[in-house]
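Here's the structure, in structure tokens; my notes come after.
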Amino acid sequence: MKRMTCIKRIAAAAFMALAANCIFAAGETAGVERYGLYVGSNDGGKSHERLLYAGTDAIAFQKIMTEIGGISKSNGILLLDPTKEDVDTAFETISAMMQKKQKDAKRSEFVFYYSGHSDENALLLGKTKYDYSSLKAAITNVPSDVHVVILDSCYSGNFIRTKGGQKQKPFLMDDSSVVKGHAYLSSSSSQESSQESDEIGSSFFTNAMITGLRGAADTSGDKKVTLNELYSYAFNETLSKTENTADPQHPNYNITLVGSGDLVLSDVSASDCVLTLSRELTGRVIVRDKNGKLVSEINKTTLTPIYLALEEGQYGVTVIGESATLQGSFTLSPKKTYAISPANLTPVARLATRSRGGEDEQNDQAVPQAGQAETDVLQMPFVFSFFCNEFYLAANKPISTNFSLALFRSHVQEVNGMMLAGIGNETEILNGAQAAGIYNIAHDVNGAQVASIFNFAKNDVHGAQVSSIFNYGQNVTGAQVTSIANIANDVKYAQVSWISNVARGNFTGAQASWISNVTIKDFVGAQGAWISNVTLGDFKGVQGAWLSNVTRGEFKGVQGAWLSNVAVKDFTGLQAAWLSNVACGNVKGAQVGFFNFCKGDCDFQLGLINYSHNGIFEVSGSFTTDQKIRLVLNSGNKHLYGIFGALLNPEGFDSGALEQYGALVLGLGTRVEVWKFNFDFAIMGNEVLFADTKNDKVHAEWYPSVRIEAGFTPIKHLNVFAGFGMAFEFPGNRDAFVAHKRNMVIDAGKTTIYPEFDFGAKFTLR
């Protein structure tokens with residue numbers, strides 16, 4: 001449903017900054033700074049209906065110019081529903097940025113985009129107006145060599161006519177691209193309204209501009225879109241989409257560029273993800289994202305390849321040709337080009353219709369209808385064969401059916417229901433379920449595949465794959481369940497197996513296996529395995545394994561393992577392991593384990609041995625007033641560090657009795673630092689070991705203690721200190737104190753306190 005309304009577009013304030021980016025001009029790779037001001041205003045004042053898509057159009061235009069239009073975010077300003085004063089301030093900011101970088105740039109270029117309401121005399125910015133004469137003067141005052149102005153609003157052709165603007169020859173064909181001057185493009189003439197559409201969620205003109213900049217306007221096939229190509233494409237697309245409405249739009253222009261060379265506005269090759277429409281593919285090409293939103297619509301009539309810069313993600317494509325309609329789906333990944341050709345698309349159903357007013361068969365027209373059979377596909381409600389029903393063909397036509405049954409092997413073109421076979425099922429399009437004794441194969445699956453051995457989906461799976469050995473799906477939205485292995489590219493929801501799960505693309509959901517789970521790219525969700533979980537891309541969620549968890553990209557979430565956790569880059573969250581945690585970057589969160597290692601800075605480490613760039617890692621030795629030697633390792637964050645060591649009794653080594661040797665020391669401490677002084681407080685548990693010679697066993701007795709300490713650091717890596725501690729004896733742990741002489745005793749009833757002092761030095765190992 002299309003909505004006529006004076007196009008008013010995006011506004012309010014957002015991005016400004018200072019830095020330069022490469023600009024694209026034919027034959028030029030450096031020395032050009034490009035700047036952008038994007039204005040979207042849905043509010044045209046009380047007398048105008050509020051627009052729906054002006055703001056989103058301005059955001060979309062900024063996004064495409066940032067991605068492949070040579071305008072970095074730092075060189076762009078986005079205004080949403082601004083006042084005239086906001087726009088003037090933005091002009092001043094852009095001018096200041098240009099003047100600051102003027103010495104470093106060979107040429108500067110300025111792009112002004114407006115989407116919103118306007119009338120015959122001015123842009124309508126809520127309660128304020130910006131008349132065309134003042135706007136043109138303000139744009140001209142921006143100290144740029146080239147000014148490109150794009151207005152998507154009603155009667156915007158009046159801006160071009162203001163103060164003597166004339167239509168000039170717009171297309172400069174020399175490739176040297178030494179250009180100066182201005183280019184004014186408007187979405188409509190001086191007497192026409194501009195329109196936006198609910199169906200495409202945009203204005204017709206801006207949608208054509210963005211589609212053209214993404215590569216649809218590139219008629220030369222050089223992966224660059226010039227001003228010449230963009231205007232021609234936008235004019236034809238806007239007119240074709242509005243010519244059957246009450247007010248067709250005729251985009252206007254005024255281009256006066258002095259010099260030689262056509263101005264390049266976008267470079268498709270600069271995009272991370274590129275879609276190629278092969279030379280042999282012709283017809284109306286419609287590309288939609290995974291949510292069904294129209295991304296691009298191109299009438300490809302020539303045998304020249306077309307390159308489109310799209311975002312990373314999943315897409316569906318329909319190609320309506322003269323004799324057939326083709327469909328398919330694909331996934332775009334960074335740093336890769338995906339090519340669409342008739343070979344990787346599937347013919348879809350077309351419904352034969354007849355024009356009104358005639359019965360001549362030549363008036364029949366093929367109209368694509370989802371779920372209807374194509375003219376060269378035989379429709380059969382039921383297909384049955386004792387052996388292989390792929391031989392059950394009429395006039396050698398492929399079959400489309402609702403139910404297929406074969407004792408051995410079933411092979412039909414399209415199934416909208418159920419396929420059953422003793423050995424295997426094969427189909428191009430499955431809208432329903434496949435069940436087979438050995439295998440199932442399909443190109444696209446909307447439903448379920450159930451087999452005793454394996455399921456194979458060449459393209460998308462929306463549903464479930466269940467087998468005993470192996471499942472493969474290109475893009476899976478649903479679940480894969482098997483005993484051996486699941487493999488997919490992008491996955492949403494679940495992979496469950498006895499041995500291993502592998503997601504080669506992005507993964508959102510849960511992986512559960514006995515041996516291992518692996519995601520090659522980004523992972524959001526949960527991994528649970530008995531042996532190991534590995535994520536090679538960024539990870540957000542939970543990893544739980546008995547043996548180890550490894551994430552190589554940035555990590556936000558929780559890793560839990562009995563043996564070890566490894567985060568190769570920075571992580572935010574928690575690592576918890578019985579043995580060890582390793583982070584090769586910074587840690588914003590905690591590491592909990594026997595051994596914790598952080599190559600960068602770490603917020604919190606809880607363990608016996610901890611290391612971090614910003615933490616404590618020191619060996620301490622001291623002599624106590626009870627004639628003992630105290631040797632400990634302090635490691636971890638200064639707010640909470642681990643203590644691991646021993647309290648040795650030199651007199652007890654000659655006795656041969658284990659309990660005479662001393663005690664193991666385990667504890668936690670905290671530190672306050674003031675200049676070169678430090679003050680520590682610690683709580684410890686001390687373990688005394690006893691040898692039971694009769695039963696050939698060793699048992700332990702524990703007693704608690706607390707300790708305060710004051711230290712001074714005269715030189716780097718050396719600290720001298722004095723400490724005071726108290727050990728506590730209760731009725732249940734008196735054996736721990738029998739073997740050790742104590743010089744000071746405080747009797748507190750059932751509790752006996754043993755104070756002691758110690759003096760020593762610490763050596764920092766970090």
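For region 230-335, what number results from the quotient of the Cα radius of gyration and 2.2 N^0.38 Å? Let's see the in-between values first.
Numbers: Rg = 16.2 Å, N = 106, 2.2 N^0.38 = 12.9 Å.
Its radius of gyration relative to the 2.2 N^0.38 Å reference: 1.25.
Whole number in Å², please: accessible area per residue of region 473-534, 1.4 Å probe, ligands, DNA and RNA not counted.
Numbers: 2140 Å² over 62 residues.
Result: 35 Å² per residue.
Based on the Cβ-Cβ distance from residue 239 to residue 683, what FRET efficiency comes out when R0 is 60 Å, to the nearest 0.05?
0.15
How would region 252-305 be classified by its alpha-carbon gyration tensor: rounded, prolate or oblate, with rounded meaning a/c under 1.5 and the a/b versus b/c comparison settling the rest? Don't jump to the answer; show the numbers that get you there.
Working: a/c = 1.95, a/b = 1.76, b/c = 1.11.
Because a/c hits 1.5 or more and a/b exceeds b/c, region 252-305 counts as prolate.
How far, in nm, would the chain grow between residue 498 and residue 134 when pulled straight, counting 0.36 nm per residue and subtracting the alpha carbon separation?
This chain segment gains 123.9 nm when fully extended.
Longer than 28 Å from Cα to Cα, which of 63/540; 63/336; 180/224; 100/569; 569/716; 293/492 are they? Say none if no pair is.
Where the Cα-Cα span goes over 28 Å, the pairs concerned are 100/569; 569/716.
Dividing the convex hull volume of the alpha carbon atoms of region 635-766 by its residue count, what do you get in Å³ per residue?
Numbers: hull volume 17.7 nm³, N = 132.
Dividing the Cα hull volume of region 635-766 by its residue count gives 134 Å³.
Put +1 on the Cβ of each Lys and Arg and -1 on the Cβ of each Asp and Glu in region 544-669; which of 623, 613, 648 then has its Cα farthest toward the positive end of the dipole?
613
Stokes-Einstein at 10 °C, 1.306 mPa s, Kirkwood radius from Cα pairs: D for region 406-448 in µm² s⁻¹?
Estimated via Stokes-Einstein, D reaches 165 µm²/s.
Please give the charge dipole size of region 620-766, origin at the Cα centre, charges +1 on K and R Cβ atoms and -1 on D and E Cβ atoms. Round to the nearest 20 debye.
Numbers: 15 positive and 16 negative charges, 125 e Å.
Using only the charged Cβ atoms, the result is roughly 600 debye.
Which of the peptides 557-564, 502-509 is most tightly packed, and how do the rest follow, judged by the mean count of other Cβ atoms within 10 Å per residue?
502-509, 557-564
Using the Karplus equation 6.51 cos²θ - 1.76 cosθ + 1.60 (θ = phi - 60°), what ³J(HN,Hα) coupling, rounded to whole Hz, does each residue of region 727-741 give in order, writing x for Gly and Pro?
Along region 727-741, the couplings run 9, 10, 9, 10, x, x, 10, 5, 4, 5, 9, 5, 8, 10, 6 Hz.
Provide the solvent-accessible area of residue 639, counting protein heavy atoms only and rolling a 1.4 Å probe, rounded to the nearest 10 Å².
My reading of the accessible area for residue 639 is about 120 Å².
Let me cross-check residue 679: its accessible surface, 1.4 Å probe, with only protein heavy atoms counted, in Å² to the nearest 10?
100 Å²
If you plug each phi of region 549-558 into the Karplus form 6.51 cos²θ - 1.76 cosθ + 1.60 with θ = phi - 60°, what whole-Hz ³J(HN,Hα) values come out, in order, with x for Gly and Pro?
10, 9, 10, 9, x, 5, 10, 10, x, 9
Can you send over the solvent-accessible area of residue 702, 1.4 Å probe, protein chains only, in Å² to the nearest 10?
Counting only protein heavy atoms, residue 702 exposes about 120 Å² to solvent.
When the dipole is taken about the Cα centre of region 81-146, and only Lys, Arg (+1) and Asp, Glu (-1) are charged at their Cβ, what size is it in debye, to the nearest 20?
Working: 9 positive and 11 negative charges, 73 e Å.
Around 360 debye, computed over region 81-146.
Please arrange 409, 34 by accessible surface area, largest first, computed with a 1.4 Å probe and ligands excluded.
Values: 409 55, 34 0 Å².
Ranked from most to least accessible, the order is 409, 34.
Please compute one quarter of the surface area of the Cα convex hull for region 603-667 and express it in square nanometres.
Spelled out: convex hull of the Cα atoms, projected over all directions, averaged, 4.8 nm².
The values are calculated or read from the model by the stated rules, or taken from the named source; none is laboratory data. What you are looking at is a predicted structure, and each value in this text was computed from that prediction instead of being measured. We place every Cβ from the backbone using ideal geometry, glycine too, and count neighbours over all the protein chains shown. Just the protein is used for accessible areas: all its heavy atoms, side chains included, with ligands, DNA and RNA removed. Shrake-Rupley method; radii C 1.70, N 1.55, O 1.52, S 1.80 Å.
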